[in-house]
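A short worksheet on the structure shown next.
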Amino acid sequence: DLATALNDRGQVRYLRVEFAAALQDYTAAIECQPGFEVPYYNRGLVRYRLGDFDEAMQDFRKVLELNPQFEDAALSLKQAILDKEEKQKRGY
């Protein structure tokens, strides 16, 4: 389906380090199928890599809302929280 295709294209762009394009694809997949947790997770990973911890945490929380058994999302959420705290301690 379209949401899966957009998510898959986002993955290709993510691997090519085309983060802005990947974000667009993941967001489009979410808009197409809001209950599909995978693009939220993938978008969260990109946001995390970009240092946008608040937005990444928001995406990881949405994944867990949709699928509480999504262990990678739970781990990524914990890591984003820790990294945000570390960033704040260092003052940047």
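Some values worked out for this structure:
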quantity	calculated
Test: residue in region 18-40 that is farther than 16 Å from ALA3 by Cα and touching a residue at least 24 places away in the same chain (Cβ under 8 Å)	yes
Qualifying positions in region 13-34 - of a type in the set (D, E, K, R) and either surrounded by 13 or more Cβ atoms within 10 Å (Cβ to Cβ) or in contact with a Gly (Cβ under 6 Å, 6 or more places away or on another chain) (or both)	ARG13, GLU18, ASP25
Helices (runs of 4 or more DSSP H) lying entirely in the chain (those with 3 or more residues that are touching a Pro at 6+ places or on another chain (Cβ under 8 Å))	2-15, 19-32
Tabulated pairs, region 71-92, first farther than 14 Å from LEU50 by Cα and touching a residue at least 12 places away in the same chain (Cβ under 8 Å), second open to solvent by 100 Å² or more (accessible area, probe 1.4 Å) and assigned to a helix (DSSP H, G or I), C-beta under 9 angstrom, 6+ apart or interchain	ALA73/ARG61; LEU77/ARG61
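The values are calculated or read from the model by the stated rules, or taken from the named source; none is laboratory data. Just so we're clear, the structure is a prediction, and the values are computed from it rather than from any experiment. Positions of Cβ are backbone-derived with ideal geometry, glycine not excepted, and every protein chain shown enters the neighbour counts. Note: areas computed on protein heavy atoms with side chains; ligands, DNA, RNA excluded. Shrake-Rupley method; radii C 1.70, N 1.55, O 1.52, S 1.80 Å.
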